[in-house]
Amino acid sequence: MNEEQNLREKLVRMGALLYNRQLAHGSAGNLSVRLKDGSILITPTNSSLGFLEAERISKLTPGGELISGDPPSKEYFFHLAVYDERPTAKAVVHLHSTYSVAVSCLCHEQTQDVLPPLTAYHVMRVGKLPLVRYYRPGDRALADEVRAVSRKHRSMLLANHGPIVSGATIEEAVYAYEELEETAKLFFIIGDRKASPLCAEQIADINRVFPN
């Protein structure tokens, strides 16, 4: 199996996994991967992640022109923005999972990092989670915001929308997304009770041992 076919099959499997875990619903959310030649495979517009077909997945040039497959997700442009800014990123996951979206709808006093570092695995896999201001779905102006945030962050949260998470592989991006959603869930479970997030020294130690 060549690289492209292998990645098409992985997108199908990961889409089904996320759908069955109820992290994706209806036709919301999109996944993409970058091939070695720079072209992009991305889930088609109006497709359900639980029922993807490998041969219908969209293939785009690095500039966003459709090469083959169905028309791409209308949000393909912010996937391209991530790839433009993060040479190490080979996959992007964007979903509308319940707890993460709930965090994106809250009022935040500061937007540089909107989830506390409750666990080491959140620090390792997600890192800081900045909030990107609201844009309507499909607004191309969002690409500039995503590109700017991607320079320093592998994860971000779109206001009233949901997270974007990138990784060196589709597996890495999916696992990081799952960790983000679990941290968001912990955030609401803890609520107003006094918590003990990791301190700056502990976070620095994690980042030293597990650089990203």
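The one condition from (1) open to solvent by less than 10 Å² (accessible area, probe 1.4 Å); (2) over 20 Å from SER155 (Cα atoms) that HIS25 does not meet is (1). When restricted to residues that are of a type outside the set (Gly, Ala, Ser) and either open to solvent by 50 Å² or more (accessible area, probe 1.4 Å) or more than 16 Å from the chain's Cα centre (by Cα) (or both), the stretch 70-124 contains 25. Taking the residues in the stretch 53-68 that are touching a residue at least 40 places away in the same chain (Cβ under 8 Å) and either in contact with a Ser or Thr (Cβ under 6 Å, 6 or more places away or on another chain) or open to solvent by less than 20 Å² (accessible area, probe 1.4 Å) (or both) as candidates, determine which candidate is nearest to ARG140 (Cα to Cα). Selected residue: LYS59.
Please work out if LEU7 is crowded, with 21+ Cβ neighbours inside 10 Å and either more than 17 Å from ALA173 (Cα to Cα) or touching a residue at least 60 places away in the same chain (Cβ under 8 Å) (or both). So LEU7 passes the test.
Is it true that VAL92 is outside any loop (DSSP other than H, G, I, E, B), in contact (Cβ under 8 Å) with a residue 24 or more places away in the chain, closer than 22 Å to SER27 by Cα and in contact with a Ser or Thr (Cβ under 8 Å, 6 or more places away or on another chain)?
Taking the combined requirement at face value, the residue satisfies it.
Residues of the stretch 125-149 that are assigned to a helix (DSSP H, G or I), open to solvent by 20 Å² or more (accessible area, probe 1.4 Å) and not acidic (Asp, Glu): ARG125, ARG147, ALA148, VAL149.
The values are calculated or read from the model by the stated rules, or taken from the named source; none is laboratory data. Since the model is a prediction, treat every value here as computed from it, not as a measurement. Every residue, glycine among them, receives a Cβ derived from its backbone with ideal geometry; neighbour counts consider all protein chains shown. Protein only, heavy atoms only, side chains kept; ligands, DNA and RNA dropped before computing areas. Shrake-Rupley method; radii C 1.70, N 1.55, O 1.52, S 1.80 Å.
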